[in-house]
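These notes concern the structure reproduced below.
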Amino acid sequence: MADWTVPLYDRDRVDWAGSKLVDAGVSPEQMHEAIGIINNWRSSHSFPLNTFQNTLRLKARQVTRSPTVAQRIKRLSSIRAKLQRFAWLPLSTMQDLGGCRAVVGSVPAVRRLVKLYKTSDLRHTLADEDDYIAEPKRSGYRGVHLIYRYQSKKKRAYNGLQIEMQFRSPLQHAWATAVETVDTFTRQALKSGGGEAEWRRFFKLMGTAIAKRERTPLVPDTPGRTRELVEELRLLSTSLGVVHRLAAYGATLERVEQLGGMPAHFFLLQLQRGDPPRLTIRGFQWKDLDEAEERYAEAELANQETPGGDAVLVSVESLAALRRAYPNYYLDTTVFIQAVRKVIGQPRR
């Protein structure tokens with residue numbers, strides 16, 4: 001079994017490290033120390049995260065036949081971006097350092113899964129809930145998030161650590177995947193509210209188009225009339241070359257797998273932009289979690305020194321489930337492209 005990391009620093013020290021991560025005047029020595037503290041703090045979420053993921057897998061199977069369930073520790077680049085966006089946010093209170101996700105068959109299945117959690121006898125504390133299906137984000141993002149604080153009499157070192165769970169339908173997951181894929185290649189930060197106005201508008205409109213298919217509330221400031229929505233989406237899709245560009249990203253991807261002979265539990269994904277782009281997948285067994293976390297930290301440090309790459313350490317049931325859970329790393333936007341073509345009336349090829 002894995003040798004789980006425990007927190008070595010108090011919350012004041014963690015918050016200090018977070019402030020240095022976004023301090024333009026920080027010295028190299030302080031940055032090195034800060035990253036060490038942050039790596040320990042986020043790795044400490046691995047044990048409670050795995051606990052929640054095991055429960056989520058069981059509950060998701062009660063609402064849909066073949067759910068896609070995965071867990072991940074938040075990337076250093078994402079931590080930095082969030083601290084920059086929310087200057088008031090202390091790192092020790094960031095709720096999504098450890099996150100797990102379930103993609104289930106439909107919006108009703110999402111609702112059933114939420115109900116299973118809220119009516120269960122979990123010892124952990126429900127700290128917050130964000131229903132972005134009932135009230136979509138202005139970006140077009142939709143899904144339900146539940147944030148829990150871990151509580152245990154046996155594993156007190158982890159008490160109070162927060163884990164975020166995301167529940168999505170397949171179309172909601174396809175939308176989010178497409179946003180991250182475009183971000184990867186255009187470096188626009190659409191996921192965090194940045195990027196070009198045309199791309200932001202396109203994804204906002206597609207959020208409403210998918211909401212209409214799922215018969216749920218529409219994204220704010222988008223046309224309620226289908227004809228107006230389709231006309232605007234056609235114009236943007238053409239001017240941005242959406243279908244062609246998304247399809248081209250995945251078609252050129254080179255993939256390198258370093259999995260060894262035994263089944264892996266953790267996967268380190270490293271995506272390098274380039275011509276062609278390259279995805280390296282390295283597998284680790286349970287007993288090698290420490291090594292996996294070290295290789296993850298090394299990959300992130302390399303990406304800081306030489307921009308153009310992305311890395312994430314995740315856990316899924318199998319290599320086959322990896323692509324379903326993280327299609328953005330495979331540059332696979334097939335489901336989203338089909339959704340766009342269905343809206344604008346473009347035939348499948």
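Comparison of PRO108, PRO90 shows that the only residue that is surrounded by fewer than 21 Cβ atoms within 10 Å (Cβ to Cβ) and touching a residue at least 60 places away in the same chain (Cβ under 8 Å) is PRO90. In segment 144-163 there is no residue matching the filter, namely being in contact (Cβ under 8 Å) with a residue 60 or more places away in the chain, among the aliphatic types (A, V, I, L, M), within 18 Å of ALA209 (Cα to Cα) and surrounded by fewer than 23 Cβ atoms within 10 Å (Cβ to Cβ).
Out of ALA189, ALA134, I need the residue that is surrounded by fewer than 17 Cβ atoms within 10 Å (Cβ to Cβ), touching a Gly at 6+ places or on another chain (Cβ under 9 Å) and among the small types (Gly, Ala, Ser). Which one?
Details: ALA134 fails: touching a Gly at 6+ places or on another chain (Cβ under 9 Å).
The match here is ALA189.
When the criteria are applied in full, ARG282 meets the requirement of being touching a strand residue (DSSP E or B) at 6+ places or on another chain (Cβ under 6 Å), among the charged types (D, E, K, R) and buried (at least 19 other Cβ atoms within 10 Å of the Cβ).
Could you pull out every one of the strands (runs of 3 or more DSSP E) wholly within segment 236-349 that has 2 or more residues that are under 23 Å from GLN188 (Cα atoms)?
Numbers: elements: 254-258, 266-272, 278-284, 309-315.
In segment 236-349, the matching strands (runs of 3 or more DSSP E) lie at 266-272, 278-284, 309-315.
Screening segment 295-332 for residues that are of a type in the set (S, T, N, Q) and surrounded by fewer than 17 Cβ atoms within 10 Å (Cβ to Cβ) and picking the one that is nearest to ASN50 (Cα to Cα) gives SER318.
Does VAL6 qualify as being closer than 27 Å to LEU190 by Cα and aliphatic (A, V, I, L, M)? Don't jump to the end; show me each part of the working.
Values: closer than 27 Å to LEU190 by Cα: no; aliphatic (A, V, I, L, M): yes.
Against the criterion (closer than 27 Å to LEU190 by Cα and aliphatic (A, V, I, L, M)), VAL6 does not qualify.
When each of ARG13, ARG57 is tested for being surrounded by fewer than 19 Cβ atoms within 10 Å (Cβ to Cβ) and over 21 Å from GLN84 (Cα atoms), the lone residue that passes is ARG57. Taken together, the residues in segment 99-137 that are among the hydrophobic types (A, V, I, L, M, F, W, C), touching an Asp or Glu at 6+ places or on another chain (Cβ under 6 Å) and under 19 Å from ARG72 (Cβ atoms) amount to 0. Here GLN95 passes the criteria (1) modelled with pLDDT of 95 or more; (2) in contact with a strand residue (DSSP E or B) (Cβ under 8 Å, 6 or more places away or on another chain); (3) surrounded by fewer than 20 Cβ atoms within 10 Å (Cβ to Cβ) except the one numbered (1).
Where in segment 109-201 are the strands (runs of 3 or more DSSP E), entirely inside, with at least 3 residues that are within 15 Å of the chain's Cα centre (by Cα)? Spell out how you get there, then give the answer.
Numbers: elements: 125-131, 144-149, 162-168.
Fully inside segment 109-201 and qualifying: 144-149, 162-168.
The values are calculated or read from the model by the stated rules, or taken from the named source; none is laboratory data. For clarity, every value in this text was computed on a predicted model and none was experimentally measured. A quick note on method: Cβ atoms are made from the backbone with ideal geometry, for glycine too, and the neighbour counts reach across all protein chains shown.
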